[in-house]
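The values are calculated or read from the model by the stated rules, or taken from the named source; none is laboratory data. Not measured: the values here are computed from a predicted model. Here the Cβ positions follow ideal geometry from the backbone for every residue, glycine too, while neighbour counts run over all protein chains shown.
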């Protein structure tokens, strides 16, 4: 039987790490445990990644590539800001719903005891999402009674992130997308009004 090529083994390691994050949320995953799950030696792991931190960084890179390619596509569409923001938030939640292990990673608890730069890396992802939402809202005329667009964006991101946190807390017995459309309709009307939100 042919041995997996380098890129294939690297992908297998990352997929196994994501699966272990889902199967044992909150547990510390050692390289020995990961190597055993992959079916290789620890030395073989380090031929593909110089450290466990670099494995987590590769998962963050996958998250960014998966999300921001599509977010950029949404931002370029000839849609209203409300519709764009709704699609971005729905994408964020659907990604977490489909990738439970990565959702645990996005909530940060699995990084306890890991290198500090990983928490900084996680914060950068959230900052990028917030920046994209602010750019979508930048030229939007919001109702006069609302606070600054940045405050609205923080509220919207907190609502979506709260849905992911709830899913993680319940080990996905509650899906992050469950009832989201109704909740988004409430947020949309509060921020954009019926006319803008329904476009």
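Details
- Scan of the stretch 164-191 for residues that are under 11 Å from residue 93 (Cα atoms) and assigned to a loop (DSSP other than H, G, I, E, B), ordered by number: 175, 176, 177, 178
- Take the conditions (1) farther than 30 Å from residue 27 by Cβ; (2) touching a residue at least 40 places away in the same chain (Cβ under 8 Å); residue 148 misses just one of them, which is (2).
- Counting only residues that are loosely packed, with under 12 Cβ neighbours inside 10 Å and assigned to a loop (DSSP other than H, G, I, E, B), the stretch 3-23 holds 2 of them.
- Subset tally (residues that are assigned to a helix (DSSP H, G or I) and in contact with a helix residue (DSSP H, G or I) (Cβ under 7 Å, 6 or more places away or on another chain)) for the stretch 98-109: 8
- Filtered residue count, the stretch 48-79, keeping only those that are surrounded by fewer than 17 Cβ atoms within 10 Å (Cβ to Cβ) and more than 19 Å from residue 124 (Cα to Cα): 7
Matching residues to (1) more than 13 Å from residue 59 (Cα to Cα); (2) not in a helix (DSSP H, G or I):
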{"position": "86", "(1), (2)": "yes, no"}
{"position": "93", "(1), (2)": "yes, no"}
{"position": "113", "(1), (2)": "yes, yes"}
{"position": "118", "(1), (2)": "no, no"}
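- Selection over the stretch 27-45 of residues that are surrounded by fewer than 18 Cβ atoms within 10 Å (Cβ to Cβ) and either touching a helix residue (DSSP H, G or I) at 6+ places or on another chain (Cβ under 6 Å) or over 23 Å from residue 119 (Cβ atoms) (or both) gives a count of 9.
- Considering 112, 53, the condition of being in contact with a helix residue (DSSP H, G or I) (Cβ under 7 Å, 6 or more places away or on another chain) and either at pLDDT below 90 or more than 22 Å from residue 177 (Cβ to Cβ) (or both) is satisfied by 53 alone.
- The condition of being within 25 Å of residue 28 (Cβ to Cβ) and either modelled with pLDDT under 95 or surrounded by 15 or more Cβ atoms within 10 Å (Cβ to Cβ) (or both) holds for only one of 136, 164, that being 164.
- Hits in the stretch 24-66 - residues which are in a helix (DSSP H, G or I) and either touching a strand residue (DSSP E or B) at 6+ places or on another chain (Cβ under 7 Å) or touching a residue at least 40 places away in the same chain (Cβ under 8 Å) (or both): 48, 52, 53, 55, 56, 57, 58, 59, 60, 62, 63, 64
- In the stretch 167-176, the residues that are in contact with a helix residue (DSSP H, G or I) (Cβ under 6 Å, 6 or more places away or on another chain) and surrounded by fewer than 15 Cβ atoms within 10 Å (Cβ to Cβ): 174
- Taking the criterion of being touching a helix residue (DSSP H, G or I) at 6+ places or on another chain (Cβ under 9 Å), assigned to a helix (DSSP H, G or I) and either at pLDDT 95 or above or farther than 26 Å from residue 99 by Cα (or both), the residues of the stretch 139-155 that qualify are 149, 150, 152.
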